[in-house]
1. Relative to a virtual label point 7 Å from the Cα of residue 292 in the Cα→beta-carbon direction, which members of segment 136-165 show backbone nitrogen distances below 11 Å?
2. Taking a ≥ b ≥ c as the square roots of the Cα gyration tensor eigenvalues, with a/c under 1.5 meaning rounded and otherwise prolate when a/b beats b/c, else oblate, which class fits segment 242-294?
3. Share of segment 215-300's accessible area from carbon and sulfur, percent, 1.4 Å?
4. Please compute the per residue accessible area over segment 145-269 with all protein chains in place, 1.4 Å probe, rounded to a whole number of Å².
5. If the chain between residue 251 and residue 124 were fully stretched, how many nm would it gain, using 0.36 nm times the residue separation less the Cα-Cα distance?
6. Counting Lys +1, Arg +1, Asp -1, Glu -1, what net charge surrounds residue 140 among other residues with beta carbon under 11 Å of its beta carbon?
7. Using R₀ = 45 Å, calculate the FRET efficiency as 1/(1 + (r/R₀)^6) where r is the Cβ-Cβ separation of residue 180 and residue 144; round to 0.05.
8. Check segment 153-300 and count each lysine pair with an alpha-carbon distance under 22 angstrom, considering only pairs eight or more places apart or from different chains.
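The values are calculated or read from the model by the stated rules, or taken from the named source; none is laboratory data. What you see is a predicted model; the values in this text were computed from it and never measured. Cβ sites come from the backbone with ideal geometry, for glycine too, and all protein chains shown count toward neighbours. Accessible surface is based on the protein model in full, side chains and every heavy atom, while ligands, DNA and RNA are left aside. Shrake-Rupley method; radii C 1.70, N 1.55, O 1.52, S 1.80 Å.
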Amino acid sequence: MVLPEQLDHQLGPDACRVSLDQCDGSHKGCIRSISFWSMVYQNDLRSTDAQSFSATNADGHRIWSRARATEPVKNLNLETPNKIKRDLLADQATGELRRMIVQGALPPGGQVTERELSALLGASRTPIREAVRTLALEGLITLSSTGRYFVANPSEAELHDMLRIIGVLEGLAGRLACAVADTKRIEAIAALQQGMRRIAEGQTHLDYFETNIAFHRAIVAASGNTVLIETHKALNDRLYRARYVCSTKETNRERALKEHDAVVAALIARDGDRVERELRTHMAQAEKNISETLFPQTSG
């Protein structure tokens, strides 16, 4: 006999069929329990490519089933928002909203509501709600004392504080990478820098920005330090909007490419002191770029 509280175990990916002859006589209650626990289990499988669930009676006839397939998030230019299909999961909605914040389609300080975002993206409110919560954890969305959500609008001082910590983290990561990273990892970082130069010649601002972020993340990943990687991501996510805006200026872009060249050269030479110095200098310049681009009234 299967108890209701045991059904979540029965409905795993490898054991998702329950016969009515296993119930204690309350067929309707069992069916409701099957449906309820199947839905709970299904909601926890957002990262899988496809999942299906079903329940059958004693004769082998299907009495309940559900199948879902996910689609990858595309690299899209969201100056015009893209409609989200009804069956897309919360992580895909999160990606769409994150890009809208980065590009300014959702301006800093602006209020965001589930109803408006649902209509804008053509999605139900459930994935939108989860996406907003995820972005709030990342620091791209803030929750007011009245329970309303707003796009984050950090001050100049807050941005500088975060960049200084990022500079320390990336400097340490570069030093560690020189000591522990294999040649393939260093070559991959150099390839990202070469890709940035090609992209800078004609592709979209978003393409350039995403490659830039990938370059910095690759250096941090090469450190092999899990705590460093997680801490860097938590701070770097909150800087997306500011760093994207700065990357759209041609003067900032050319300067950054030269600084990246110096970082790559130091990594190839396995010169930990030099890599740390170059990365911290690079972040110090990012502070200046942000002040000049986002807060011109204070940088003059």
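1. none
2. Prolate is the answer for segment 242-294, as a/c is 1.5 or above and a/b outweighs b/c.
3. 51
4. Value returned for segment 145-269: 46 Å² of accessible area per residue.
5. Computed gain between residue 251 and residue 124 is 41.5 nm.
6. The answer is +2.
7. 0.55
8. 4
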